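The structure appears below as structure tokens.
The values are calculated or read from the model by the stated rules, or taken from the named source; none is laboratory data. Computed from a predicted model, the values in this text were never measured in an experiment. Every residue, glycine among them, receives a Cβ derived from its backbone with ideal geometry; neighbour counts consider all protein chains shown.
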Amino acid sequence: MRYKIYPTKSQLAMLEAWNILHCRLYNACLEQRITMYRGRGVSVGYYNAQQNELPALKAEFPEYKALGSQALQETVRRVDRAYQAFFTRVKRGDKAGFPRFKSARNYVGFCYPAKAGWKFESGANGKHGKLTLSNLGTLKVRGVPRQWGEMRQLTLSKHAGEWYAIITIRCEVKRPSGTFQAGIDLGTEHVLSLSDGTQIENPRFLKTSSKKLARLQRELSRRTRFGVNYNRTKGKIARLHARIARQREDFQHQLTSSLVATYGILATEELNIKNMTANGGAYKKGLNRSILDVGMSGILQKLEYKVKETSTGRLWWVPTRKVKPSQTCPVCGHQHKKLLSERIHLCGNCGYTGNRDVVAAQVMLGWALENYGQELACGDGMGVLARPSEPRNPDYSEA
Ligand SMILES: [Zn+2]
């Protein structure tokens, strides 16, 4: 659960100072590993060396004492994890990217991995509250979790100049699943089209923000580089980017939650993982393109884990290369290649007509039911699902 922190001026100064100390520790650990390796071919592991040096560090630099042993250990472990991730990438043959030194100004924050060093007192079910950090004080935080449970760890994270408290909760996730069924076609004109005819528009905020961003970028190009106004505009751009990211997250969460609450069976296309990287893959180059992007991979990932949180819901991946949803008639199975500009499906064989994307969603649902229908009927306590006579439109309120 992520809460926004509202620190006082002096608390903010302390958070920033602590963050810089954590960053220096991170960079020092990284540097030590590199020099040890270069000098003697020794690879410094986390457990065999760096953690044991923390008491000596605190003796020499007493300013580290206030930060808490476990939080410091966690930062050391972070370096270790960056190394492990690097080795994994090397092994897999991906573009490796050696762990980098971090800049103190943009350091991401720090983490208390257990319940020591902090205390959180909230309203009912974790709503808002007071977060007390040892040696720092009590911070005001705001946020409303969907579910509440036993608190496990706390991460203080800094993003675009704002501080957040992320509290990890242990709880049994309760998510009811809907009883309707739908195929989902992901598109560019609509975020998605469902087999029951529902189509979700691209959210407006992306367009508004992209215009605003373009204006700020023109403004930036007029400024003297690294001057006061330049930095001010630069900060505005960073905050806008962060805002867009938050809005996109919200949109994806609302959309996928609503889908899972309405439908018990969903079928959609299997996206190529290579195209689902953070930067959107090669086909999504260009700034505005990435801003306007609603984040297909984010939608599918959220959809998948939310369906898993229900005990009865199912999400089927349809191999679109084999099934060809955009070229197949859902009624008679006749295949006919459509141009991208053809927005209507008109079957030359049986005469069935419909919106191209909706029809594609119908093909996917049909394929899933045909291939997995048996499991649906007999397995996993799923029971037989009735096809609704009238599709119910879920409530897709915009973020
Ligand atoms: Zn047909």
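Below is a table of values for the structure above.
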item	result
Failed criterion for V363 (all others in (1) more than 14 Å from the ligand (Cβ to nearest atom); (2) closer than 18 Å to F180 by Cα; (3) modelled with pLDDT of 60 or more hold)	(1)
Where a residue in region 352-367 is hydrophobic (A, V, I, L, M, F, W, C) and its partner, wherever it lies, is away from the ligand (no atom under 11 Å from the Cβ) and in a helix (DSSP H, G or I), with Cβ under 9 Å and at least six apart	A360/T320; V363/V323; M364/T320; M364/V323; W367/K322; W367/V323
Flag for Y352 being surrounded by fewer than 21 Cβ atoms within 10 Å (Cβ to Cβ) and within 16 Å of the ligand (Cβ to nearest atom)	yes
Residue within region 222-237 that is closer than 17 Å to M296 by Cβ and in a helix (DSSP H, G or I) present	no
Hits in region 1-24 (condition: of a type in the set (A, V, I, L, M, F, W, C) and modelled with pLDDT under 95)	M1
Boolean, R243 is at pLDDT below 90 and within 22 Å of D357 (Cα to Cα)	no
Long-range neighbours under 8 Å by Cβ, at least six apart or interchain, first residue over 30 Å from R170 (Cα atoms) within region 100-116, second surrounded by fewer than 13 Cβ atoms within 10 Å (Cβ to Cβ) and among the charged types (D, E, K, R)	F101/E31
Residue within region 55-63 that is surrounded by 13 or more Cβ atoms within 10 Å (Cβ to Cβ) and in a loop (DSSP other than H, G, I, E, B) present	no
Members of region 333-347 found to be touching a residue at least 12 places away in the same chain (Cβ under 8 Å) and surrounded by 13 or more Cβ atoms within 10 Å (Cβ to Cβ), listed by number	H334, H336, K338, H345, C347
So F180, is it surrounded by 14 or more Cβ atoms within 10 Å (Cβ to Cβ) and within 30 Å of G313 (Cα to Cα)	yes
Some residue of region 8-22 being outside any helix (DSSP H, G or I) and in the same structural domain as A165 (by TED's automatic domain parsing)	yes
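Residues are listed down the side, and each one gets a yes or a no for (1) in contact with an Asp or Glu (Cβ under 9 Å, 6 or more places away or on another chain); (2) surrounded by fewer than 12 Cβ atoms within 10 Å (Cβ to Cβ); (3) outside the structural domain of T132 (by TED's automatic domain parsing); (4) part of a helix (DSSP H, G or I):
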residue: R38; (1), (2), (3), (4): no, yes, no, yes
residue: A49; (1), (2), (3), (4): no, no, no, yes
residue: K65; (1), (2), (3), (4): no, no, no, yes
residue: Q70; (1), (2), (3), (4): no, no, no, yes
residue: K91; (1), (2), (3), (4): no, yes, no, yes
residue: K102; (1), (2), (3), (4): no, no, no, no
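Conditions tested, residue by residue: (1) of a type in the set (K, R); (2) touching a helix residue (DSSP H, G or I) at 6+ places or on another chain (Cβ under 7 Å); (3) within 16 Å of the ligand (Cβ to nearest atom).
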residue	(1), (2), (3)
I299	no, yes, no
K302	yes, yes, no
L315	no, yes, no
V323	no, yes, yes
Q327	no, no, yes
L340	no, no, no
